[in-house]
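A.B. asks: Mind having a look at this structure? Questions to follow.
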Amino acid sequence: MLPEILTRNLRVLFVGTTVSETSNDLGFYYLGPNNRFWGLLEYAGITPDSVVTPQERKILVDTLKTHALNDMYKKLFFEKKEAVLMKHRIGLTDLNRRRVVSRDDDPAARPTVEDVRKFVLKVEKYQPRVVAFVAGTDIFESCFKPLYPAANRHRGKQDFMIGASEVWLLGSPGGRVKDTEALEQVFEDLAGRLGTVTQNG
């Protein structure tokens with residue numbers, strides 16, 4: 001299981017549903033073959049460059065195929081990318097941290113009530129300025145509506161907060177999602193909000 005990137009004083013904490021088998025094998029988040037997360041961060045200007053480039057992903061995949069991708073290499077790669085994210089005050093975690101899954105639609109991927117409660121406690125402890133969910137809109141709504149009745153599947157800023165943190169729903173950047181324009185727009189909207197957060201400290 002990939003470690004969380006979670007500390008105090010984050011501008012934004014990105015939250016997925018669960019760690020994918022591909023990402024876990026390669027040693028970092030959002031490395032599925034068609035996942036657009038890193039490209040969307042760059043596109044929206046949340047990061048000035050892609051934190052993980054397609055070329056770096058290809059090197060990881062090729063190294064894994066030749067059985068040369070050992071734990072030490074993965075640890076060094078993780079630490080390098082973690083340092084880049086920390087520079088931009090960006091954190092990463094997942095709701096379901098009990099297991100790694102091969103597919104998003106695997107029933108084992110769905111977070112439990114206990115997963116969500118543990119996550120809420122972490123947010124209340126670390127107090128990121130914004131919590132941004134890169135998860136399916138239906139999963140987000142079903143997970144959070146029992147605790148926060150205002151939670152819904154509309155993308156953008158939600159009408160509730162977790163502790164002192166704003167909540168945003170972005171949607172899944174996985175390869176099977178077809179709404180590229182909607183994803184790009186909500187990432188741009190988030191980038192605009194994060195610019196305001198940065199200006200205000």
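A.B. asks: May I ask you to list the residues in the stretch 61-107 that are of a type in the set (A, V, I, L, M), out of contact with any Ser or Thr (no Cβ under 8 Å at 6 or more places or on another chain) and closer than 14 Å to residue 21 by Cα?
C.D. replies: Residues satisfying the conditions are 61, 64.
A.B. asks: Need the failing condition index for residue 20 against (1) among the small types (Gly, Ala, Ser); (2) more than 26 Å from residue 193 (Cα to Cα); (3) at pLDDT 95 or above, just the number.
C.D. replies: Just one mismatch for residue 20, condition (3).
A.B. asks: Within 18 Å of the chain's Cα centre (by Cα) and under 18 Å from residue 136 (Cα atoms) - does that describe any residue in the stretch 52-64?
C.D. replies: Checked against the condition, which is being within 18 Å of the chain's Cα centre (by Cα) and under 18 Å from residue 136 (Cα atoms), the stretch 52-64 yields no hits at all.
A.B. asks: Moving on. Is it fair to say residue 5 is within 22 Å of residue 185 (Cα to Cα), at pLDDT 95 or above and in contact with a helix residue (DSSP H, G or I) (Cβ under 7 Å, 6 or more places away or on another chain)?
C.D. replies: Answer is no for this residue.
A.B. asks: Sort out which residues of the stretch 83-111 are assigned to a loop (DSSP other than H, G, I, E, B) and under 19 Å from residue 168 (Cβ atoms), and write them in order of number.
C.D. replies: Passing the criteria: 88, 89, 111.
A.B. asks: I'd like to know if the stretch 53-60 contains one or more residues that are basic (Lys, Arg) and under 30 Å from residue 114 (Cα atoms).
C.D. replies: So far as the stretch 53-60 goes, no, none of its residues is basic (Lys, Arg) and under 30 Å from residue 114 (Cα atoms).
A.B. asks: Could you pull out the residue among 68, 83 that is over 14 Å from the mean Cα position of the chain (by Cα), loosely packed, with under 13 Cβ neighbours inside 10 Å, among the aliphatic types (A, V, I, L, M) and modelled with pLDDT of 95 or more?
C.D. replies: 83
Okay, residues lined up against (1) over 28 Å from residue 45 (Cα atoms); (2) exposed (fewer than 14 other Cβ atoms within 10 Å of the Cβ); (3) touching a residue at least 60 places away in the same chain (Cβ under 8 Å):
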residue: 91; (1), (2), (3): no, no, yes
residue: 102; (1), (2), (3): yes, yes, yes
residue: 130; (1), (2), (3): no, no, yes
residue: 140; (1), (2), (3): no, no, no
residue: 166; (1), (2), (3): no, no, no
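A.B. asks: For residue 18, only one of the following conditions fails: (1) more than 18 Å from residue 171 (Cα to Cα); (2) within 10 Å of the chain's Cα centre (by Cα); (3) among the hydroxyl-bearing types (Ser, Thr, Tyr). What is its number?
C.D. replies: Going through (1) more than 18 Å from residue 171 (Cα to Cα); (2) within 10 Å of the chain's Cα centre (by Cα); (3) among the hydroxyl-bearing types (Ser, Thr, Tyr) one by one, residue 18 breaks only (1).
A.B. asks: Considering every residue within the stretch 31-51, establish whether at least one is surrounded by 13 or more Cβ atoms within 10 Å (Cβ to Cβ), part of a loop (DSSP other than H, G, I, E, B) and touching a Lys or Arg at 6+ places or on another chain (Cβ under 7 Å).
C.D. replies: For the stretch 31-51, residues surrounded by 13 or more Cβ atoms within 10 Å (Cβ to Cβ), part of a loop (DSSP other than H, G, I, E, B) and touching a Lys or Arg at 6+ places or on another chain (Cβ under 7 Å): present.
The values are calculated or read from the model by the stated rules, or taken from the named source; none is laboratory data. This one's a predicted model, so the numbers in the text were calculated from it and none came from an experiment. Backbone-built Cβ (ideal geometry, glycine too); neighbour counts: all protein chains shown.
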